[in-house]
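**Student:** I have a structure here, written as structure tokens, and I will follow up with some questions on it.
The values are calculated or read from the model by the stated rules, or taken from the named source; none is laboratory data. Quick caveat: nothing in here was measured; it's all calculated off a predicted structure. All Cβ positions, even for glycine, are placed from backbone atoms using ideal geometry, and neighbour counts span all protein chains on display.
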Amino acid sequence: MLQYTDSADPAAGPDEIVVFDTIGGKVHARSFSVQKAGGRLVHIAAGLEGFEPPRGDVTATRPYVARDRQHFDRITALMEQGAVRPPEITRMSLAEAGAAQDLSQTGHVRGKIVFDARCAFAADTHARIPKE
């Protein structure tokens, strides 16, 4: 497994048969260099804009994921049975965005960071943000 934070040198030679890219961008481009001929790159995040795969001997696939009530009900049932567990959630305020970025980049967060963007007047549906 190649973590996006690894300093693995792709020039050392490709040795992966399958890469699952959840990061996208530059990592998507880098993923081609660590694959054996005939390998498969599965990605769920977007690559670089205008990116063309540098190799024809690696198959890149981005699965289509449909969202509908039936799938939602199924995953809910699996969670209720304990067969699937949701990721750990770290809640932070928007004021802590810098600290959240630091945690994410240093790999000190398990699961997901969720920002609580509620404000004091959010319950008032007619509230307006005051102009400064």
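**Student:** What pairs can you find where one residue is in the range 8-27 and on the phi < 0 side of the Ramachandran plot and assigned to a strand (DSSP E or B), the other is at pLDDT below 80 and among the hydroxyl-bearing types (Ser, Thr, Tyr), and their Cβ atoms are less than 9 Å apart, with a gap of 6+ or different chains?
**Tutor:** From residues that are on the phi < 0 side of the Ramachandran plot and assigned to a strand (DSSP E or B), the pairs are Asp21/Tyr4.
**Student:** Hey, another quick one. Can you work out which of the residues in the range 61-92 that are free of Cβ contacts under 8 Å to residues at least 24 places away in the same chain and among the aliphatic types (A, V, I, L, M) is farthest from Ser33 (Cα to Cα)?
**Tutor:** Taking the candidates together, the pick is Ala77.
**Student:** Just to be sure I understand, how many residues within the range 92-111 are among the β-branched types (Val, Ile, Thr) and surrounded by 12 or more Cβ atoms within 10 Å (Cβ to Cβ)?
**Tutor:** Quick first cut of the range 92-111, residues among the β-branched types (Val, Ile, Thr) only: 106, 109.
Subsequent filtering for residues that are surrounded by 12 or more Cβ atoms within 10 Å (Cβ to Cβ) retains 109.
Selection size over the range 92-111: 1.
**Student:** Moving on. Can you name every residue in the range 31-79 that is assigned to a strand (DSSP E or B), among the basic types (Lys, Arg) and either more than 21 Å from the chain's Cα centre (by Cα) or exposed (fewer than 10 other Cβ atoms within 10 Å of the Cβ) (or both)? Break it down into steps so the answer makes sense when it comes.
**Tutor:** Taking the range 31-79 and keeping what is assigned to a strand (DSSP E or B), we get 35-43, 47, 59-61.
From what is left, the residues that are among the basic types (Lys, Arg) are 36, 40.
Listed by number, the list holds a single entry, Lys36.
**Student:** A follow-up question, please. Could you check, for the range 57-69, whether at least one of its residues is modelled with pLDDT of 80 or more, β-branched (Val, Ile, Thr) and in contact with a Gly (Cβ under 6 Å, 6 or more places away or on another chain)?
**Tutor:** yes
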